[in-house]
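So the structure is just underneath, and the comments pick up after that.
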Amino acid sequence: MENSRSLIQINPHDTVAVALRSLSPGSDERAGNKTVRIAGPIPAGHKVALAKIAAGDTIIKYGYPIGKATVDIPAGSHVHTHNIKTLLGESTSYSYDSEKAATYRQKPLSENNVPTIEAYKRADGQIGIRNDIWIIPTVGCVNKTAETLAHWADAEFATRETPGNTVGVATVCTSGIDGVRAWTHPYGCSQMGDDHETTRTVLADLVRHPNAAAVLVIGLGCENNTVEEFKKLLGDYDQRRVRFLVTQKSADEIAEGKQILSELATFALSARREQVSASRLVIGMKCGGSDGFSGITANALVGRVSDEFTAMGGTTILTEVPEMFGAERMLMERCETRELFDRTVSLIENFKDYYSRHNQVVYENPSPGNKEGGITTLEDKSCGCVQKGGKAPVRGVLKYGERVNGKGLQLLEGPGNDIVSTTAMTAAGAHIILFTTGRGTPLGAPVPTLKISSNTDLAMRKPGWIDFDAGRLLEGDGDSDKILNQLMTMILGIASGKIKTKNELNGYSEIAIFKDGVTL
């Protein structure tokens, strides 16, 4: 990109361009092969009409419709909430084009070109990139017990970072305990039907997660999700790795919990990092607090990462179904089979039905922060959001709480809420989550959560939150291949334990479980 560039037309068919900086009325600006005179103030990240758009005309961005004009929009004018509205409704029809789907076939990367990482090989055949001890309450009543024990055990057993570490470079160890964490939640009792089973399923997924070297499950004793019932759901488990404590049956649950954690720590310390193929990584992809640059920089960059990892035989997960509304065809046309297409249609329609059952319109989005950053309609947000999925074919569609069992790009049922969706990806098996943001957030999942800013200003203002600045792609010398390689190197370093993400260094990590029904 040239330093003088102030507009970017993402797709040659787009009728709008995005302002790379704030523009003043009367200036002549160029986008692609078009020159337009700016008619009024345009904030950075917002859209400019490249030619006159008549009232009722469809507005195109990313090569897809993002809404229609509510009034005539002169060339060079600001295109935003005051003159555009969504095209979305409650129902849409879809059709599968097998010939178009075939054009998305991906060329596998030669095995000799696949990088390696240093990871923990677990007894069940999985790999972990962290050697944590996790404490999982079966019910919210024992949250504080779990937290008390986690604080004690973390201080007692966790391997500490080198003093003064501020750049995320970890003390490199082939063994050790990265941390002890309690995944507290308000459920496990007073729930009915699907909600209760959802809670149990997600908690069981966390118990099985390979980033946890050892797990202590803590129950109360009178809850619906009793330890005995939870064991039935878990099925076979390694009794050296997973232990249980029922607090109503213990004379001193803190003392007993400390004893169990001491034994689990001994087991966890026996694990060693070994060289494995990076193709075994499962990577979650999430965006939060988007701005007008998200789909151009951070999300597009993560899409290239997804293509890199799926080409080498790895697995990536895309969720946030409500933020696919309006852009779902971009994913449907890449479904490898008719069955996957049908499941993707169900994924979209089931979430629309969820909105309708609660008397909500499907297009009540984007958020105020999104709009301030330049995103106008849900289609605008969604087209930027799905850029994280790159161009690889869709090879799996998962229900909420379901675990990954295949390779390639996977679509996961889940909402857009940051904590719920990052928990869902963790439960599905993600080792690491790439979290793009144009507004900034300190949030972290149970797994390393790599924050990627869509603009450089955010990265400079919040260095304690942001791990990687994708805003550099908008700079005059923004070399996209070089920046991609830098992000890939960081991901492999995090996976090998050589780098800690900011959320890890800050101790920011939590879970949230999706709820749809009645609480007793």
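Quick notes
- Looking only at residues of segment 308-355 that are more than 28 Å from Ala495 (Cβ to Cβ) and small (Gly, Ala, Ser), we find that the one that is modelled with the lowest pLDDT is Gly326.
- The residue that is nearest to Lys231 (Cα to Cα), among those in segment 192-213 that are among the polar types (S, T, N, Q) and surrounded by fewer than 24 Cβ atoms within 10 Å (Cβ to Cβ), is Thr201.
- Pairs linking a residue in segment 224-242 that is modelled with pLDDT of 95 or more to a residue that is part of a helix (DSSP H, G or I) and among the small types (Gly, Ala, Ser), with Cβ atoms under 6 Å and 6 or more positions apart or on different chains, are Leu233/Ala204; Leu234/Ala204.
- Scanning segment 381-401 for residues that are in contact with a strand residue (DSSP E or B) (Cβ under 6 Å, 6 or more places away or on another chain) and of a type in the set (A, V, I, L, M, F, W, C), we see that the one that is nearest to Glu333 (Cα to Cα) is Val394.
- Out of Gly179, Gly221, sole residue that is surrounded by 15 or more Cβ atoms within 10 Å (Cβ to Cβ), under 28 Å from the mean Cα position of the chain (by Cα), modelled with pLDDT of 95 or more and among the small types (Gly, Ala, Ser): Gly179
- Residue check for Asp57: without any contact (Cβ under 8 Å) to a residue 12 or more places away in the chain and in contact with a strand residue (DSSP E or B) (Cβ under 6 Å, 6 or more places away or on another chain): no
- Top-ranked residue in segment 244-272 [being of a type outside the set (A, V, I, L, M, F, W, C) and part of a loop (DSSP other than H, G, I, E, B); ranked as nearest to Lys121 (Cα to Cα)]: Arg272
So that you can scan it fast, the table gives a plain yes or no per residue for (1) crowded, with 24+ Cβ neighbours inside 10 Å; (2) out of contact with any His (no Cβ under 8 Å at 6 or more places or on another chain); (3) in contact (Cβ under 8 Å) with a residue 12 or more places away in the chain:
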site	(1), (2), (3)
Met312	no, yes, yes
Met324	yes, yes, yes
Arg329	no, yes, yes
Glu333	no, yes, yes
Arg338	no, yes, yes
Val345	no, yes, yes
Asp353	no, yes, no
Pro368	no, yes, no
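- Scanning segment 116-145 for residues being under 15 Å from Lys498 (Cα atoms) and surrounded by fewer than 17 Cβ atoms within 10 Å (Cβ to Cβ) gives a total of 1.
For (1) aliphatic (A, V, I, L, M); (2) at pLDDT 95 or above; (3) not assigned by TED's automatic domain parsing to the domain that holds Arg241, each residue gets a yes or a no:
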| site | (1), (2), (3) |
| --- | --- |
| Ile136 | yes, yes, no |
| Ala146 | yes, yes, no |
| Ala155 | yes, yes, no |
| Thr162 | no, no, no |
| Thr171 | no, no, no |
| Trp183 | no, yes, no |
| Gln191 | no, no, no |
| Thr198 | no, yes, no |
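- Pairs are defined by a Cβ separation below 9 Å, a sequence spacing of at least 6 or placement on different chains, a first member in segment 372-389 that is free of Cβ contacts under 8 Å to residues at least 60 places away in the same chain, and a second member that is acidic (Asp, Glu) and in a helix (DSSP H, G or I); the pairs so defined are Ser382/Glu323; Ser382/Glu328.
- Considering each residue of segment 398-416 in turn, at least one proves to be within 30 Å of Ser22 (Cα to Cα) and either touching a helix residue (DSSP H, G or I) at 6+ places or on another chain (Cβ under 7 Å) or modelled with pLDDT under 95 (or both).
The values are calculated or read from the model by the stated rules, or taken from the named source; none is laboratory data. Keep in mind the model is a prediction, meaning the values are calculated, not measured. Glycine also receives a Cβ, built like all others from the backbone with ideal geometry; neighbour counts cover every protein chain displayed.
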